[in-house]
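The next block holds one structure in the form of structure tokens; read it before the comments.
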Amino acid sequence: MNSGTYEYQSEFVRKYVAQGEARGKAEGEVRGEAKSVLMFLEARHLVVTDEQKQKILSCTDLEVLDRWIRKAAVVSSTEELFLI
């Protein structure tokens, strides 16, 4: 039996399957961006506290995460990452 090839016939089901796929993609992108921030800071040998790590991992705003990635390249301490 081939799994993953079935196409739903109902517009109702297709709508909600598409929404679920979009949500999953967005959540994966957010998770990847957050991990990128942490890896960048680690590569620069900057200390990340558990509280800071939790703040980064719990962020769901892609614009904020993008800003943190760019800032991670130039900050001299992790605290600076969160300054506006």
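Summary table
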read-out: Complete set of residues in region 25-43 that are open to solvent by less than 50 Å² (accessible area, probe 1.4 Å) and either closer than 11 Å to Ala73 by Cα or among the acidic types (Asp, Glu) (or both); value: Glu33, Val37, Leu41
read-out: Members of region 44-59 found to be within 13 Å of Ser77 (Cα to Cα) and in contact with a helix residue (DSSP H, G or I) (Cβ under 9 Å, 6 or more places away or on another chain), listed by number; value: Arg44, Leu46, Val47, Val48, Thr49, Gln52
read-out: Number of the condition not met by Ala73 [criteria: (1) among the aliphatic types (A, V, I, L, M); (2) surrounded by 11 or more Cβ atoms within 10 Å (Cβ to Cβ); (3) modelled with pLDDT of 90 or more]; value: (2)
read-out: Pair list, Cβ under 9 Å, 6 or more apart: region 64-84 residue without any contact (Cβ under 8 Å) to a residue 24 or more places away in the chain, other residue surrounded by 10 or more Cβ atoms within 10 Å (Cβ to Cβ) and basic (Lys, Arg); value: Glu80/Lys71; Leu83/Lys71
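Quick grid of which residues meet (1) farther than 16 Å from Leu83 by Cα; (2) in a helix (DSSP H, G or I); (3) under 11 Å from the mean Cα position of the chain (by Cα); (4) polar (S, T, N, Q):
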| residue | (1), (2), (3), (4) |
| --- | --- |
| Val30 | yes, yes, yes, no |
| Glu33 | yes, yes, yes, no |
| Val37 | no, yes, yes, no |
| Phe40 | yes, yes, no, no |
| Gln52 | no, yes, no, yes |
| Leu57 | yes, yes, yes, no |
| Glu63 | no, yes, yes, no |
| Lys71 | no, yes, no, no |
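The values are calculated or read from the model by the stated rules, or taken from the named source; none is laboratory data. Owing to the predicted nature of the structure, the values given are computational and were not obtained by experimental measurement. Don't worry about glycine lacking a Cβ; one is built from the backbone with ideal geometry, like all the others, and counts go over all protein chains shown. Ligands, DNA and RNA are excluded from the accessible area calculation, which covers all protein heavy atoms including side chains. Shrake-Rupley method; radii C 1.70, N 1.55, O 1.52, S 1.80 Å.
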